[in-house]
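The values are calculated or read from the model by the stated rules, or taken from the named source; none is laboratory data. These numbers come from a predicted model, not from an experiment. Note: ideal-geometry Cβ built from the backbone for every residue, glycine included; neighbour counts use all protein chains shown. Quick note on the areas: whole protein, heavy atoms, side chains included, nothing else; ligands and nucleic acids left out. Shrake-Rupley method; radii C 1.70, N 1.55, O 1.52, S 1.80 Å.
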Amino acid sequence: MAVYFDHRIEAPDSSDVPFQLTWHSSLPILAVASSSPATGGKVDLYLQQGEHVESCHVVRPHQPTGLRWHPTKPVLAVGWDNGEVVLLTHPSGDQTVLPGVHTTTIKLLEWSSFGSRLVTGDESGALAVWKVDARGRLHGNHLVKHEYKKPLTCCIFRPSTPGDDVAMLARASVRGDERALDKFSWKGAPLKMGPQEGLGFFICTADGKVHSVDEYCKTSVLLSVEGSIKKLLYIEKTEALAVITENLMLSQYALGPEGGAQEIMKGKLSSKSGQNVDVVWTEDGLLITASGEQVIRLWDLERDDNYVLSLDETLGYERGEMINCVSYCAGKEILAAGTTNGRIAMWRMVVQSGSSRGDTKPQWKLQTPTEIGGNVTQLQWGSNLNLLAANNSNTVLILCEHVMSAHFSHQVAAVQLSPTQLNITQFHTGLHFSLQSDIHVRGVCVTKDSVTVWNGKQVTVYELSGTSLRNTGSFPCDSHMVAVHGENLYTVEPNRVQIRTPQGTVKQLLTFSKAEGNPVLLNVRQSYLVVGTDTANIRVFDLSRRDAKAHCSTKNLADQIPNLGALRSVKCNANGSQVSILISQVNGRPDHKVYFYDVEMDTVTHFDFFTGRPTSGISQQEESENGRSPVSHFWDESEPRLFVCETVPVSSESILNSSLDMVDVLVVTLFCTQEHGLLLQDCSPRPPGMQALLALDVPYYYYSCKVRTESTLPVCVPHMVSRKALRDFVGLENCEKATRDAMLNFSFYLTIGDMDEAFKSIKLIKSKAVWENMARMCVKTRRLDVARVCLGNMGNARAAKALKEAEAEPEPETQVAMLAIQLGMLEDAENLYKSCQRYDLLNNFYQASGNWQQALETAEVHDRIHLRATYYSYAKYLESMGDKTLALTYYEKSDTHRVEVPRMLQDDTSSLEIYVNKMKDNIYKWWAQYLESQADLDSALHFYECAQDYLSLVRIFCYRGDIQKASEIANNTGDRAASYHLARHYEGHDIKQAVHFYTRAQAYNNAIRLCKENGLDDQLMNLALLSNPEDMMEAACYYEEKVDFQLALELAFATQQFGALEMIAEDLNESSDPALLARCSDFFSTHSKYEKSVELLVAAKKYHEALELCVTQNLTITEDLAERMTVPDSKDMSEEARKELLERIADCCMRQGNYHLATKKYTQAGNKLKVIIRLCVMLLHWKRNNCDTEKIVFFANVSRQKELFILAANYLQSLDWRKDPDILKTIIGFYTKGRAPDLLAGFYEACAQVEIDDYQNYEKALDALTEASKCLSKAKDASSGQQEVRLADLQHKIALIRKFVHIRSLYSEDASEAVQLCEALLEEPELDPAVRIGDVFGFLIEHHCQQGNFQLVTLQKLLPSQNVSYYISQASLVALQKELGIPMDRSDNIHISKEEDEVEEDLNMF
């Protein structure tokens, strides 16, 4: 809540009549123009409390006609009616007179947006443009002068334009934008950094013309209207001009890029004729006018809408009160209006929740008036949003908004009611009284025995004595902050805190260095004082002794808190161990965090209300404290761990304290300790009707109340202060201190989750009320484990049992809700059920609590699955209450009226009969049953017929013996129940009629039973086909037992019973009917039972169809199936067809990879050519699939065919037979068995070459070539002499190898002879490949190395392209390298050179 303090200006002469005023746009300086009959005109400057600035006093014998402040500098332009223009500078009072350009009354004074240009204009139409430097001083003569020949009426500058966006230009340059590149080049125009001042402006003349003057001071006519222009407005959003003439014609013109203007709207503004109209234009496109009427008119140009605001007599305004002037504050969104009766009316813009500004039409809320007297003719908001200047024709008053002061300490509370009145409440005595001060109260501080007030210039101390207040001291003091402890007062001055007596005597000084800054914030808690300075330093002092002593060293928070602008508030706890701090950021916005300074640990922590998380400790986070900002904070009066603060949504953080009652305020309570950090203890909305939080003193929160709402508060102390118990102390407000401390410890340990310590703190408490309160606390904290202990100590067995049963529910909220119900916390239980969306339990809760309307609404909206049950329960409740009429309605809604209504009305047969006739068929059956029980069969038959209960009709007719009538009803209606009853009646004496009515009742199993028992086979088949598969199976078994396969199969086909068909098919064989076999096969094939279908086709001797089915469905042909399809020699099939069938079987086996079976069938078919071909394919397949060699060998031995032996031997040669002697022997054996000596000779030659190449074993190679020679001599020559050539070549190889073998064996006996023979062997023609030249030279090199002869030049000539490292030992090679001096790393590479996949020997190193 806020009030406005009115300060009259300290005018030098009280007889002066003010007629014009204006505030500086950024400084709290007010300029007032006044006139005096004696001295002429005056211009004076005043500060925000009306103090006159004596140095800034301008007096002229002429009258001032215009005042205009420089936009940033304290320079005032003053125009006079003689054409003089003076620049007045604050605070020096320097006066600069502009050179004489004007000779008539000054009509225009206008500064550019940055103040570098000043435009002056007079009544004759002369206009001058002046240049002003950065300090606000005139720069030479005027830049230009224009003569418009008509009086000038108004002028506006174009607004400043934004500068070039360097980042955007850089990105555009990278993309290749030439214009952006030019900006960065020396050729283009220089970059314009930051906003650019608009130097162009618009000038209006009395003849209705608007002239445009550009930045070079060139003028041109822009547009023309009828009549003199009163107001000219520039709309930045649409770049349009709004023109208002003297006859209140409003026109809007769109400005073109080339300087033209096009009219887009024109209209007439409503006003009272003959009155001066005050026009205000807002940035949101709102035009506000006041013209001496009882209303204010508003035009929303953006939405093309208009409306009026009027005064409300119920708020203190008088009937017929006129509004003269208006002023709008955009920062506070308040519209102020001055009235003829000396009142100032204020409307505050209200944005509805869920919408944003600009989306909807604004709503305005009228406030109570501020009375200043006289006739208010002019209003203007100051640069400080809390300042409003008002001219009431006699004087000028400065209204300064002040948030109502309030303070609480030692169970005494003081709340300001008016600028000079306070309400005092003593809670320990229950007394309350009013304090009327002699000064305007700007602050108040109370103790147990005193009340101290101050206004920034004077401090007054009152002593509390019973119900009276006594002034014990008053002294001047320029301190805006005062704190009180005992008999000491603490005031602030630059660089020090003064400790004074109540009379103002200074007892002690607490000095602060220049680095520590000036004290600006004070707070006392118990015996500790915390001081905050303007440089963000804090100091804590201990006040428990005679003199204040420093409790800790100075702490500079700027080093600990980033982005710190200034301290907003500092508070210390009861033992001086913690200091809480609220700050403003560098940009001036309030910080979202509360900071805590630990005095002992010298650390700073914080709790961030934007995220809902502390820097350390345990946080039981709730969504409610997220996205918020703190506005006030308090420590408990005596408990040092307990801290509380008020928070508002982030979107409302800039709202002044006076408006906090309009936003969502949460009260958040924390525990703050060194061991556990910050712990969230509670978070709840501020109670309705409360203005602001005053203090926390366990077990209560203390709030200031809203004006005129105390009577609506159930727990409100009279007047302006109310207290509300903490969540954990509801019901324990009057408990003793020991219990209060135990409960506080219990809450603390419960918050940190230490259950052992929590129970220790309360184990000695015996009061059931305390345990019940803790159980209630468990509902809030949702600690069911603690609740069980509390219920046990309460002895509440019923609640404990209910809580145990509720554990079956999956949601924890439902269990807590049951606890709340047992404790009588019905509202909490309701909210819990809603939060977990258990509307079924909520429905039951409403029913149990008797809230039937809410139960019905819940069932109809959220719990429709239980809607009928809810209707039924409500009907039962109404019946118990005797309201049978309404109960009947809800029985009908629950669809239980057919039973419940007759039961309810059974004692009132007349009412029941009326109800039956009214409801007609809905209850005919029950009534008929009732009549039947009364032996009134005729009436019962009538109502049974009305109810269409044919079973009951047939039953009664059968009872009466009227079978014919019963049969007609059953046949005509087709009712199954009636037909069944009649069939049961016929079963004893008429089987066919019984079967007939069983059939109509679709009781086929009973009809089949009768047919089997009575041999009605002709009807059995049809009934079985109509019945279910089980009945069909029974019928099929029945026919099977009677060896009637045809009928059994027909039933099996009809029911598609594969099991039955397979059972029947097992009894089918080759002697069965082929057509039946084929039909069964088709059936199985249709239902994907292909294996069974193939078997039946084979049984039916349809071999080709069976093979075709195997191929198409990829069925594996087993050996058994192939044998069954192999037709023996018989007359059933010709030999050609039989062979064709065998070949098809073999082909199918080949596709499936069964080569063994395929070969067998080809053999049976007598097609040896295909056998050979398939064998080749088989061997290739086996090779590709790495088939087991033993399988191939086994197959070849079993087949015993010459061709297969040869093929197998060829295949085995592709294997690694060199490492497997068994394969080698098998190859030789297969070639021998296959009678292929030429191939065997070739294999021996291959073996010999392997021995030479891989092992240099010429002895084994000689043996292999000898065997090859023998085989080749046995082969038949069919190639006209080629065999003799091959044999001769082979003999030549054998001779050469035998010589080399002899040389190697001779070397051990006679080395020289062996070397000579070896050199002679080199002369033999065609030595290689029989004997490799490298092996011969290797033999010679080894010899020479042993002899020490390393001159191998001749060897290089004889062996030009061989690598000797392949043929000599490693020891000989190392010896060569050592003797010839070749490094080892080089020798590793001398023998490897690959080019075109050929190995060449390199002997260059030799």
Just wondering, is there one or more residues in the range 157-178 that are modelled with pLDDT of 90 or more, under 28 Å from E283 (Cβ atoms), outside any loop (DSSP other than H, G, I, E, B) and open to solvent by 60 Å² or more (accessible area, probe 1.4 Å)? no
Report yes if some residue within the range 109-126 is at pLDDT below 90 and open to solvent by 60 Å² or more (accessible area, probe 1.4 Å); otherwise report no. yes
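Quick grid of which residues meet (1) of a type outside the set (A, V, I, L, M, F, W, C); (2) under 30 Å from Q837 (Cα atoms):
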residue: L878; (1), (2): no, yes
residue: D908; (1), (2): yes, no
residue: Y924; (1), (2): yes, no
residue: D936; (1), (2): yes, no
residue: A947; (1), (2): no, no
residue: L951; (1), (2): no, no
residue: G961; (1), (2): yes, no
Which listed residue, of K1260, K1225, is part of a helix (DSSP H, G or I), open to solvent by 90 Å² or more (accessible area, probe 1.4 Å), more than 23 Å from E1326 (Cβ to Cβ) and at pLDDT 80 or above: K1225
Here is a list: A859, A817. Which entry is in a helix (DSSP H, G or I), of a type in the set (A, V, I, L, M, F, W, C), within 19 Å of T781 (Cβ to Cβ) and at pLDDT 90 or above? A817
From A11, A31, residue being among the small types (G, A, S), touching a residue at least 24 places away in the same chain (Cβ under 8 Å) and open to solvent by 20 Å² or more (accessible area, probe 1.4 Å): A11
Residue that is nearest to L152 (Cα to Cα) [pool: residues in the range 212-246 that are hydrophobic (A, V, I, L, M, F, W, C) and within 49 Å of the chain's Cα centre (by Cα)]: L233
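Restricting to the range 862-913, name every residue that is small (G, A, S), crowded, with 18+ Cβ neighbours inside 10 Å and in a helix (DSSP H, G or I).
S873, A875, A887
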Within the range 258-307, restricting to residues that are part of a loop (DSSP other than H, G, I, E, B) and either in contact with a Pro (Cβ under 8 Å, 6 or more places away or on another chain) or of a type in the set (D, E, K, R) (or both), the one that is most open to solvent (accessible area, probe 1.4 Å) is E258
Could you tell me whether any residue of the range 917-935 is β-branched (V, I, T) and assigned to a helix (DSSP H, G or I)? no
Unmet criterion (only one of (1) in a strand (DSSP E or B); (2) closer than 30 Å to Q48 by Cβ; (3) open to solvent by less than 40 Å² (accessible area, probe 1.4 Å)) for L464: (2)
Are there any pairs with C-beta distances below 6 angstrom linking a residue in the range 823-836 that is on the phi < 0 side of the Ramachandran plot to a residue that is outside any helix (DSSP H, G or I), with the two at least 6 apart or on different chains, and if so which? C836/E811
Counted residues in the range 440-461 being open to solvent by less than 60 Å² (accessible area, probe 1.4 Å) and in contact with a His (Cβ under 7 Å, 6 or more places away or on another chain) come to 6
Unique match (being open to solvent by 70 Å² or more (accessible area, probe 1.4 Å) and modelled with pLDDT of 70 or more) among G974, G961, G988: G988
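Quick one: count up the residues across the range 373-395 that are surrounded by fewer than 22 Cβ atoms within 10 Å (Cβ to Cβ) and hydrophobic (A, V, I, L, M, F, W, C). Before you say what the answer is, go through the steps one by one.
Step one: list which residues in the range 373-395 are surrounded by fewer than 22 Cβ atoms within 10 Å (Cβ to Cβ), which gives 373-375, 377-378, 380-381, 383-387, 392-395.
Subsequent filtering for residues that are hydrophobic (A, V, I, L, M, F, W, C) retains 381, 385, 387.
Number of matching residues: 3.
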Number of the exception - G267 against (1) over 51 Å from the mean Cα position of the chain (by Cα); (2) at pLDDT below 90: (1)
Restricting to the range 34-75, and then to whatever is within 55 Å of the chain's Cα centre (by Cα) and of a type in the set (A, V, I, L, M), can you tell me which residue is most open to solvent (accessible area, probe 1.4 Å)? L47
Show the residue pairs that are 6+ apart or on different chains and have beta-carbon atoms under 7 Å apart, the first residue being within the range 959-985 and on the phi < 0 side of the Ramachandran plot, the second being open to solvent by 50 Å² or more (accessible area, probe 1.4 Å) and among the hydrophobic types (A, V, I, L, M, F, W, C). D975/L951; A977/L951; A978/L951; H981/L951
The one condition L232 fails out of (1) at pLDDT 85 or above; (2) open to solvent by 60 Å² or more (accessible area, probe 1.4 Å) is (2)
Any chance you could count how many residues in the range 310-328 are buried (at least 18 other Cβ atoms within 10 Å of the Cβ) and not polar (S, T, N, Q)? 7
From (1) at pLDDT 90 or above; (2) open to solvent by 30 Å² or more (accessible area, probe 1.4 Å), pick out the condition that doesn't hold for Q363. (1)
